[in-house]
Amino acid sequence: QVQLVESGGGLVQPGGSLRLSCAASTNIASFYAMGWYRQAPGKQRDLVARIISGSTNIANSVKGRFTISRDNAKNTVYLQMNSLKPEDTAVYYCNAKGWGVSPDYWGQGTQVTVSS
């Protein structure tokens, strides 16, 4: 069973920064994509950023502020979040997407709260 463990969430003031980490229990290079999603209360879970074979997809709402990266040697994916806004408040989830019909895996989520 693949485990994804997120860390780095917390309370930050508007304009501040946080770096989220997602440590995987297996080789992240074996997955089709590694990504970050977020879910605010009462809303659906949305894609924030994703890495597919070295290229990245960033949601328009965070483009220019958030950066996704990976360290294959550490089996870890990062989400650097700068210029945070109150609307970025959500639970952030790490996702490992398998190839074809292979299953996806999710972390337990980490809370990010942007408030003064």
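The values are calculated or read from the model by the stated rules, or taken from the named source; none is laboratory data. Computed from a predicted structure; not experimentally measured. Neighbour counts are summed over all protein chains in view; Cβ atoms, including those assigned to glycine, are modelled from backbone coordinates with ideal geometry. Note: areas computed on protein heavy atoms with side chains; ligands, DNA, RNA excluded. Shrake-Rupley method; radii C 1.70, N 1.55, O 1.52, S 1.80 Å.
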Top-ranked residue in the range 18-57 [being open to solvent by less than 60 Å² (accessible area, probe 1.4 Å) and in a loop (DSSP other than H, G, I, E, B); ranked as modelled with the highest pLDDT] = 40
From the list 2, 62, 77, which residue is touching a residue at least 12 places away in the same chain (Cβ under 8 Å) and more than 14 Å from the chain's Cα centre (by Cα)?
-> 2
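Rundown of residues vs (1) farther than 21 Å from residue 115 by Cα; (2) not small (Gly, Ala, Ser), yes/no style:
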| position | (1), (2) |
| --- | --- |
| 3 | yes, yes |
| 9 | no, no |
| 14 | no, yes |
| 41 | no, yes |
| 58 | yes, yes |
| 71 | yes, yes |
| 81 | no, yes |
Which residues, taken from the range 70-116, are polar (S, T, N, Q) and either open to solvent by 50 Å² or more (accessible area, probe 1.4 Å) or not in a strand (DSSP E or B) (or both)?
-> 72, 75, 80, 82, 83, 89, 102, 108, 111, 115, 116
Please work out if residue 77 is out of contact with any Phe, Trp or Tyr (no Cβ under 9 Å at 6 or more places or on another chain), on the phi < 0 side of the Ramachandran plot and of a type in the set (A, V, I, L, M, F, W, C).
-> no
